[in-house]
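Take a look at the structure set out below.
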Amino acid sequence: MLSISDFSEMCQLSPQTLRFYHSEGLLVPADVDERSGYRGYTFDQVEQAMLIGVLRGTGMSVKLVRDALDEPDTALTLLERHVDEVRRQRLAQDEAISDARGFLASWPEVRLRRVPEMTVVSKVVAGPPAEQSAYDWGKVDAAAVAAVRDVVEAVERCGAAVSGTPWQAWAAETSEQRRQSLTLEGPHWLVKVPVTADGDALADLPGDMEVQTFEARDELSIFIPGRNSMAKYGTALSRLFTHPLEGAFVDVSRMRHVLHDDGVETAAAVSRIDETGMHG
């Protein structure tokens, strides 16, 4: 019989860790003195301790390790599931690190620019599942990317060319869109793809796509790196609305989110007070 100190040294597991594993039913001592609480281990338990150490070293939770020990036939499957989760976490961490570097290297700043008139093809973005309780920006972005891909493929089949960066805008161009945008099911967004086409080249577009003219305008924009989120969206709105303008205001009804591979650029039209009849 090995004392807890001898077993600890042999297995390279601290006494505190061994006591924790005991309390969790993961590695129960072969003998426990009822009066003194003295724990004793056998040499046969060294192999079990080694396996626990190997699995815990991967970052597997105590519960997963216990499941692997209780059902050895499922251990490899449990490990592979854990590996997949670790990879997802690492990817998320890598993206977060990239975002942090981008923010710290060059803090997002609002800029004023002139956007020229352009021809765009518009398509409704499918709304989220009706049972979804929280606004999932990841699903929104994925749906927008899929809609952009559909538009690009349709435009190229017509012999036209994409001539700029796509964006998404709130679906509020018609009374029906405005009504549906207030429901959980949506749709809430439209994607717009700038195009260059000759004559009637876009006449054969699918029925769910519309050719429109985007009017030239001044706008404020701010680029925030990484995936979109409610916090980033709120930050963009705050920065845009508090940016000083002379004789003008930010038109919240004409906002758009320009879709970049490495982030989202939130932009809003700037309206001159004398152009809207607003004085004083």
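The values are calculated or read from the model by the stated rules, or taken from the named source; none is laboratory data. Just so you know, these numbers come straight off a predicted model, no measurement behind them. Cβ atoms come from the backbone with ideal geometry, glycine included; neighbour counts cover every protein chain shown. We work out accessible area using only protein heavy atoms, side chains counted, and drop any ligands, DNA or RNA first. Shrake-Rupley method; radii C 1.70, N 1.55, O 1.52, S 1.80 Å.
Have a look at E95, E85 and point out the one that is within 30 Å of V264 (Cβ to Cβ), of a type outside the set (F, W, Y), open to solvent by 50 Å² or more (accessible area, probe 1.4 Å) and touching a residue at least 60 places away in the same chain (Cβ under 8 Å). If you could, list the steps in order and put the result at the bottom.
Details: E85 fails: touching a residue at least 60 places away in the same chain (Cβ under 8 Å).
The match here is E95.
Kindly provide the set of residues from region 187-245 that are touching a Leu at 6+ places or on another chain (Cβ under 6 Å) and farther than 15 Å from R256 by Cα, ordered by number.
Residues satisfying the conditions are V211, H243.
Can you tell me which residue is most open to solvent (accessible area, probe 1.4 Å) among those in region 9-58 that are among the hydroxyl-bearing types (S, T, Y) and more than 25 Å from L79 (Cα to Cα)? Step through it out loud before you land on a result.
Kept after step one, since they are among the hydroxyl-bearing types (S, T, Y), are these residues of region 9-58: 14, 17, 21, 23, 36, 38, 41-42, 58.
Narrowing further to those that are more than 25 Å from L79 (Cα to Cα): 36, 38, 41-42.
On the way: S36: 86, Y38: 113, Y41: 0, T42: 46 Å².
Checked region 9-58; the qualifying residue most open to solvent (accessible area, probe 1.4 Å) is Y38.
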